[in-house]
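Chemist: Handing you this structure, nothing more for now.
The values are calculated or read from the model by the stated rules, or taken from the named source; none is laboratory data. Keep in mind that this is a model prediction, so the values were computed, not measured. FYI the Cβ positions are ideal-geometry reconstructions off the backbone, even for glycines, and counts take in every protein chain you see.
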Amino acid sequence: MRSLLLCALVAAAPSAHAAPDASHAPTPDAPDARPLLRVCTGRPGNNYHRVGLALAERLAPKVRVEVVETEGSWENLEAIDAEHRRCDAIIAQDDAYALYEFEHPESRLTMERTAVLYAEYVHVLCNTKVTARSVSELDPGRHQILVNRYGSGTYITWKLFQRLDPAYQRVRSAEVDMDEGLLKIADGTRAHCMIYVSGKGGKTLRTADERFGDRLRLIGVEDGHLHREVGRDKRVVYRRARLEADTYPHLQTGPIDTQQVDAVFFASPEWKARRPAAAAALAEALVQLIPDLQKTLQ
């Protein structure tokens, strides 16, 4: 009897080779059917990166957006100009596009100018010991101007300034990270001024105004040479602009005349041709997003 009972239990036990119960098997994730759009932006936290995140949120129902972190405009242009594009769309300063054409005359740079996102402004911060009222009045023998690192929008602006007006080539300059640059010009012993391109009220400018407003001030950028046509399509990339007196309460005592340059969204024409519905969704999202950007990033 015991042997018969043992045989019955063995027969009832599940086999090691038996098929698993399908009702408890995990269901594999369905493939994401949304088309992919890779957007080269900038460092986390900066305006280009914030635009990428906002675009990803708006497009989420129809397009899967990969926000690619980069060092900014120059790397973005290299990424979309590569033989195998690293990005399908980029954000870049308009002057970066013009300078890239200067530096890479052999490049076809096949991308479409899709939309102007918002305006960026040239800010020149100087130690209060500097008596010059504009960049053109800086003494090449005495004054040094600090510029953000290679590839940044500010670096690009300064390089194009030097091409458009060779007088800027005589002003001594050095590359430095922006936080270190603020400390150096606040000290004022060797470095005297710093150029920075951003929307009004950006993080770096707010820091300068709130923490170093007693030691720093803004000076103007007024130069007709900067309004020359550049690039293959012969466009003017800098325009006269004004920082009103209350823009930075501690850095200025009145309005400052300067230059502005557009932040532009560029897209690959191949990506748009292969995905017309996604391209239409992108255009619709930009139409909705741009008014908000122009309010918050100026």
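Chemist: The conditions are (1) more than 24 Å from the chain's Cα centre (by Cα); (2) surrounded by 12 or more Cβ atoms within 10 Å (Cβ to Cβ); (3) farther than 29 Å from Leu53 by Cβ, and Arg240 fails exactly one of them. Which is it?
Modeler: (1)
Chemist: Continuing with this model, one more query. How do the pairs read when you match residues in the stretch 74-88 that are in the same structural domain as Glu103 (by TED's automatic domain parsing) and modelled with pLDDT of 90 or more with residues anywhere that are aromatic (Phe, Trp, Tyr) and assigned to a helix (DSSP H, G or I), using Cβ under 7 Å and keeping only pairs 6 or more apart or on different chains?
Modeler: Leu77/Tyr97; Leu77/Tyr100; Asp88/Trp271
Chemist: Could you please find all residues in the stretch 199-223 being hydroxyl-bearing (Ser, Thr, Tyr) and modelled with pLDDT under 90?
Modeler: Just the residues of the stretch 199-223 that are hydroxyl-bearing (Ser, Thr, Tyr), to begin with: 204, 207.
Once the filter is applied, which keeps residues that are hydroxyl-bearing (Ser, Thr, Tyr) and modelled with pLDDT under 90, the stretch 199-223 yields only Thr204.
Chemist: Spot the failing condition for Gly201; the list is (1) of a type in the set (Gly, Ala, Ser); (2) farther than 23 Å from Thr131 by Cβ; (3) buried (at least 19 other Cβ atoms within 10 Å of the Cβ), and only one is missed.
Modeler: For Gly201, the exception is condition (3).
Chemist: Hey, another quick one. Restricting to the stretch 248-269, name every residue that is over 21 Å from Glu137 (Cβ atoms), surrounded by fewer than 19 Cβ atoms within 10 Å (Cβ to Cβ) and in contact with a Lys or Arg (Cβ under 7 Å, 6 or more places away or on another chain). Please lay out each step first, then the result.
Modeler: The initial filter retains those residues of the stretch 248-269 that are over 21 Å from Glu137 (Cβ atoms), namely 249-250, 261-269.
Checking which are surrounded by fewer than 19 Cβ atoms within 10 Å (Cβ to Cβ) leaves us with 249-250, 269.
Answer for the stretch 248-269, where residues must be over 21 Å from Glu137 (Cβ atoms), surrounded by fewer than 19 Cβ atoms within 10 Å (Cβ to Cβ) and in contact with a Lys or Arg (Cβ under 7 Å, 6 or more places away or on another chain): there is none.
Chemist: With the requirement that a residue be surrounded by 13 or more Cβ atoms within 10 Å (Cβ to Cβ), basic (Lys, Arg) and under 24 Å from Arg50 (Cβ atoms), what does the stretch 270-298 give you?
Modeler: Of everything in the stretch 270-298, just one residue is surrounded by 13 or more Cβ atoms within 10 Å (Cβ to Cβ), basic (Lys, Arg) and under 24 Å from Arg50 (Cβ atoms), namely Lys272.
Results for (1) under 30 Å from Thr296 (Cα atoms); (2) surrounded by fewer than 13 Cβ atoms within 10 Å (Cβ to Cβ), shown as yes or no for each residue.
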{"position": "Leu164", "(1), (2)": "no, no"}
{"position": "Ala167", "(1), (2)": "no, no"}
{"position": "Arg170", "(1), (2)": "no, yes"}
{"position": "Arg190", "(1), (2)": "no, yes"}
{"position": "Met194", "(1), (2)": "yes, no"}
{"position": "Asp209", "(1), (2)": "yes, no"}
{"position": "Gly220", "(1), (2)": "yes, no"}
{"position": "Arg228", "(1), (2)": "yes, no"}
{"position": "Gly231", "(1), (2)": "yes, no"}
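Chemist: Going by what's in this entry, would Leu59 be described as at pLDDT 95 or above and among the hydrophobic types (A, V, I, L, M, F, W, C)? Quick ask: steps written out before the conclusion?
Modeler: Details: at pLDDT 95 or above: yes; among the hydrophobic types (A, V, I, L, M, F, W, C): yes.
Yes; evaluated as a whole, the condition is true for this residue.
Chemist: Output the residues belonging to the stretch 135-167 that are part of a loop (DSSP other than H, G, I, E, B), over 27 Å from the mean Cα position of the chain (by Cα) and of a type outside the set (Gly, Ala, Ser).
Modeler: Leu138, Asp139, Pro140, Arg142, His143
Chemist: Restrict the check to the stretch 210-229 and report whether at least one residue is of a type in the set (Gly, Ala, Ser) and within 23 Å of the chain's Cα centre (by Cα). Full working, then the answer.
Modeler: Let us first name the residues in the stretch 210-229 that are of a type in the set (Gly, Ala, Ser), namely 213, 220, 224.
Filter again for within 23 Å of the chain's Cα centre (by Cα), leaving none.
Checked the stretch 210-229: no residue is of a type in the set (Gly, Ala, Ser) and within 23 Å of the chain's Cα centre (by Cα).
Chemist: Condition test on Val122, is it among the β-branched types (Val, Ile, Thr), in contact with a Leu (Cβ under 8 Å, 6 or more places away or on another chain) and modelled with pLDDT of 95 or more? Let's see the steps before the verdict.
Modeler: Values: among the β-branched types (Val, Ile, Thr): yes; in contact with a Leu (Cβ under 8 Å, 6 or more places away or on another chain): no; modelled with pLDDT of 95 or more: yes.
Against the criterion (among the β-branched types (Val, Ile, Thr), in contact with a Leu (Cβ under 8 Å, 6 or more places away or on another chain) and modelled with pLDDT of 95 or more), Val122 does not qualify.
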